[in-house]
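Remarks on the structure that follows.
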Amino acid sequence: MARKLFGTDGVRGVAGEFVTADLALALARAATERLGVDAPRALIVRDTRESGEMLEAAVAAGVAAAGGEALLGGVVPTPAAPLLIERYGFDLGVVLSASHNPYRDNGIKFFGGDGFKLSDETEHEIEDALDAGPPASGHVGRVRRLDGAHEDYLRALHERFGELDLTGRRIALDCANGATYRAAPEMFRRLGADVDVVAAHPDGRNINAGCGSTHVEVLAAHVRDGGHDAGFAFDGDGDRVLAVDSAGAVRDGDELIALVAAHLRGRDMLDGGVAVTVMSNYGFHQAMEAAGIEVATTPVGDRSVSAELERRDWSLGGEQSGHVIWTDFAPTGDGIAAALLAIGALEGADLSVVTPMERLPQVLENVEVADRGAVESATAVWDAVESENQGLADRGRVLVRPSGTEPLVRVMVEAPEQSEADEICARLVATVRRELG
């Protein structure tokens, strides 16, 4: 087939141009039809983008056109979807969000009845069904509101973290004017924290705009200047988080996972090891090796991490970008849950004096190329990568990979000293440009 709609995390693009109402309806209809059950029930939730209501209506129409019942849960964080799917026994979940992207973008993510994101194979089947045209169905379904989705999500969080006492802790939260704008402050306040909130007034267009986990420097200054104990910055749909300590230093997903892994291991609550992507810092691997915790490495994407956790029957994993998956709570990344896990792992200590890992200097450069797929057969590039990796043996590493969506080759280098990382990266970038530019 000619089209390739699904990327690493659903279908995503400019709303009204690529992600249109027509496309949303067709995808929802195809996804519902392939379930092969009578009167399937589908949950639909969204973030705060102005295009969300349009796509919500289109997806609901697609579900109903396939004979299903569409339940509209409104604005809740993405990780609420698998929890609500389990609670109500939905056959399908649809999340409308473009995560950390600007408001003009939107996306469509599908979850199965097991609460996991759909596999590549299932997504391919949905795309193939679009080529085949709409099914001949004489039965029309219904569209209804699902009241209480927000409270159901908070209840699930409270059931898991209710014993965490945050009384006296001053916590700053940056909700990115996104899906966590109600849930995050409410959850922290229920646990006793003194909460200061920024970017919690969504207007449909200010999601991720100079705020949230992609602009964590805003929260860092707020925490440092305001005398807070810690801060947490969420992305637009609430499935990832970055932390800020009382000194204003940013702690990313690698550090949060390292902190939580050591804590759970100490309490004999860590099932197996941890799963992270190839982008995790070399210092993370060193810290886990020192702690005797096994690490599995996956391709980029929280869906890859989730699949590896399921395959190994492990419970903890995530990404440097702030996805933290703890399957004892949910099968997908949850920013609020991750923040609460991290606070619990501190056991009353100040995050600014806790060092779960020693981070190696990292350099990442995107190199524009004519054909990103050509890197796979570029012998000179891989010879250079092998040579540099040998030079960094047991001290750092080199990673070169093509972008999944753009005409780019990504070059990442980690080394004990910033100057060495810069020099190695410059050499590799020159090789990639010479061979593929």
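The values are calculated or read from the model by the stated rules, or taken from the named source; none is laboratory data. Computed from a predicted model, the values in this text were never measured in an experiment. FYI the Cβ positions are ideal-geometry reconstructions off the backbone, even for glycines, and counts take in every protein chain you see. SASA here: full protein model, heavy atoms, side chains in, ligands and nucleic acids out. Shrake-Rupley method; radii C 1.70, N 1.55, O 1.52, S 1.80 Å.
Quick notes on this structure:
- Checking each residue in region 330-354 for being open to solvent by 20 Å² or more (accessible area, probe 1.4 Å), of a type in the set (Val, Ile, Thr) and either over 24 Å from Ser315 (Cβ atoms) or assigned to a helix (DSSP H, G or I) (or both) picks out only Val353.
- Candidates Asp383, Asp394, Asp422, filtered to the one that is at pLDDT below 95 and surrounded by fewer than 19 Cβ atoms within 10 Å (Cβ to Cβ): Asp394
- Residue count for region 404-428, restricted to those that are farther than 30 Å from Phe6 by Cβ and of a type outside the set (Ser, Thr, Tyr): 15
- Which listed residue is open to solvent by less than 90 Å² (accessible area, probe 1.4 Å), in contact (Cβ under 8 Å) with a residue 24 or more places away in the chain, part of a helix (DSSP H, G or I) and of a type outside the set (Ser, Thr, Tyr), from Val375, Val367, Val400: Val375
- Residue ID - nearest to Val14 (Cα to Cα), chosen from residues in region 163-180 that are open to solvent by 10 Å² or more (accessible area, probe 1.4 Å) and in contact with a strand residue (DSSP E or B) (Cβ under 8 Å, 6 or more places away or on another chain): Arg170
- Scan region 1-57 for residues that are buried (at least 22 other Cβ atoms within 10 Å of the Cβ), under 23 Å from the mean Cα position of the chain (by Cα) and basic (Lys, Arg) and the total you get is 3.
- Listed by first and then second residue, the pairs linking a residue in region 204-217 that is over 16 Å from Gly253 (Cβ atoms) and free of Cβ contacts under 8 Å to residues at least 40 places away in the same chain to a residue that is open to solvent by 40 Å² or more (accessible area, probe 1.4 Å) and not in a loop (DSSP other than H, G, I, E, B), with Cβ atoms under 6 Å apart and 6 or more places separating them unless they lie on different chains, are Cys211/Val218.
- The number of residues in region 190-218 being assigned to a helix (DSSP H, G or I) and in contact with a His (Cβ under 9 Å, 6 or more places away or on another chain) comes to 3.
- Scanning region 269-287 for residues that are among the hydrophobic types (A, V, I, L, M, F, W, C) and farther than 23 Å from Gln418 by Cβ turns up Met269, Leu270, Val274, Ala275.
- Number of the condition not met by Ala221 [criteria: (1) in a helix (DSSP H, G or I); (2) open to solvent by 60 Å² or more (accessible area, probe 1.4 Å); (3) farther than 20 Å from Pro79 by Cα]: (2)
- Residue selection: Thr332 satisfies the criterion of being closer than 20 Å to Phe161 by Cβ and among the polar types (S, T, N, Q).
- Region 286-329, subset in a loop (DSSP other than H, G, I, E, B) and farther than 27 Å from Arg395 by Cα, residue most open to solvent (accessible area, probe 1.4 Å): Asp313
- Check on Thr122, at pLDDT 95 or above, surrounded by fewer than 22 Cβ atoms within 10 Å (Cβ to Cβ) and farther than 23 Å from Val241 by Cα: no
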